[in-house]
Amino acid sequence: MNSYCQAVLDKKLHEVHTHYHNKEYGFPIKEDDELFGRLLLEINQAGLSWDTILKKQDNFRKAYSEFSIKKVANYKEKQRARLLSDAGIIRNKLKVNAAIHNAQQILLLQKEHGSFKKWLDKNHPLSKEEWVKLFKKTFKFTGGEITNEFLMSTGYLKGAHSEDCPIYEKTLKKKPKWAQSSKP
């Protein structure tokens with residue numbers, strides 16, 4: 001069993017991990033705003049613990065207009081300053097700027113492909129390396145680890161749960177993209 005699954009099941013982590021592990025991690029997300037929200041959380045986790053991000057998840061949702069892509073894409077200096085002074089989230093200028101830029105990029109993807117999800121689906125299956133290259137070309141603050149975790153956590157890449165984890169079968173029932181076809 002992978003170490004995250006084991007730590008959650010053994011209750012060695014804060015309870016916020018139990019809900020995330022059992023109900024969100026590795027499960028497909030259909031709504032663009034929620035996909036954007038997951039990307040935003042993954043970006044903000046860089047250099048910090050996932051525990052910190054999960055504990056602040058509701059604060060992020062509120063601070064970033066319920067993860068509304070359209071609203072965040074239109075943030076101006078006033079909203080940027082508000083985010084940078086909000087102690088409930090991660091106050092990092094590069095991460096705040098990346099969230100706004102990435103929302104703008106997703107609007108362009110929606111215009112061209114119909115939705116962020118359709119763009120992800122269109123590019124599936126790619127190897128992790130191919131995904132990282134595509135994300136680096138498209139978004140800001142999306143290196144290898146962030147891209148990998150975003151794609152695993154949303155069901156595009158395998159690895160969120162080990163096969164002996166009781167949640168593994170639950171994720172399979174939701175038909176994650178990695179289970180439909182994949183590259184090594």
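Every number here is computed from the coordinates shown, using simple stated rules; none is lab data. These figures come from a predicted structure and were not determined experimentally. Neighbour counts are summed over all protein chains in view; Cβ atoms, including those assigned to glycine, are modelled from backbone coordinates with ideal geometry.
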(message) Counting other beta carbons within 10 Å of each residue's own, what order do ASP58, ASP121, ASP33, ASP86 fall into, fewest first?
(response) ASP58, ASP121, ASP86, ASP33
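How high is the relative contact order of segment 65-116, in percent, counting Cα pairs under 8 Å that sit 6 or more residues apart? Each step should come with its number before you reach the end.
Working: 37 pairs, mean separation 21.0, N = 52.
Over segment 65-116, the number comes to 40 percent.
In debye, nearest 20: dipole of the chain around its Cα centre with unit charges on the Cβ of K, R (+) and D, E (-)? Mind showing how you got there, number by number?
Details: 34 positive and 22 negative charges, 134 e Å.
In debye, rounded to 20, the chain gives about 640.
Sequence gap at least 6, Cα distance under 8 Å: using those rules, report the relative contact order of the chain to the nearest whole percent.
On the way: 208 pairs, mean separation 55.1, N = 184.
Averaging sequence separation for qualifying contacts and normalising by length gives 30 percent for the chain.
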(request) Please work out the Cα center distance from segment 11-75 to segment 87-140, rounded to the nearest Å. (result) 14
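For each pair in LYS55/LYS111; LYS71/LYS133; LYS12/LYS117; LYS95/LYS118; LYS30/LYS70, compute the distance between the two Cα atoms and list the pairs where it is over 22 Å.
On the way: LYS55/LYS111 33 Å; LYS71/LYS133 27 Å; LYS12/LYS117 34 Å; LYS95/LYS118 25 Å; LYS30/LYS70 17 Å.
Violating the 22 Å limit, Cα to Cα: LYS55/LYS111; LYS71/LYS133; LYS12/LYS117; LYS95/LYS118.
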(request) With a point put 7 Å past each Cα toward its Cβ, work out how far HIS19 is from ARG80 in nm, to one decimal. (result) 3.3
(request) Read phi for every residue in segment 33-42 and hand back ³J(HN,Hα) as whole Hz from Karplus 6.51 cos²θ - 1.76 cosθ + 1.60, θ = phi - 60°, with x for Gly and Pro. (result) 4, 6, 4, 4, x, 5, 4, 4, 5, 4
(request) Calculate one ³J(HN,Hα) per residue across segment 169-176 by plugging θ = phi - 60° into the Karplus curve 6.51 cos²θ - 1.76 cosθ + 1.60, and present them in order as whole Hz with x for glycine and proline. (result) 5, 5, 5, 4, 5, 8, 6, x
(request) For a footprinting-style exposure proxy, rank THR138, THR154 by other Cβ within 10 Å, fewest first. (result) THR138, THR154
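When a footprinting reagent is the concern and you count Cβ atoms within 10 Å, what order do LYS62, LYS76 take, fewest first? Show your work: numbers first, answer last.
Numbers: LYS62 13, LYS76 8.
Fewest-to-most Cβ neighbours within 10 Å comes out as LYS76, LYS62.
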(message) Report the gain in length on full extension from ASP10 to LEU134: 0.36 nm times residue separation, minus Cα-Cα distance, nm rounded to one decimal.
(response) 41.0 nm
(request) Please work out which option in (i) 23.3, 72; (ii) 18.1, 56; (iii) 16.1, 48 gives Rg and Dmax of the Cα atoms in Å calculated from these coordinates, and answer with its label. (result) (iii)
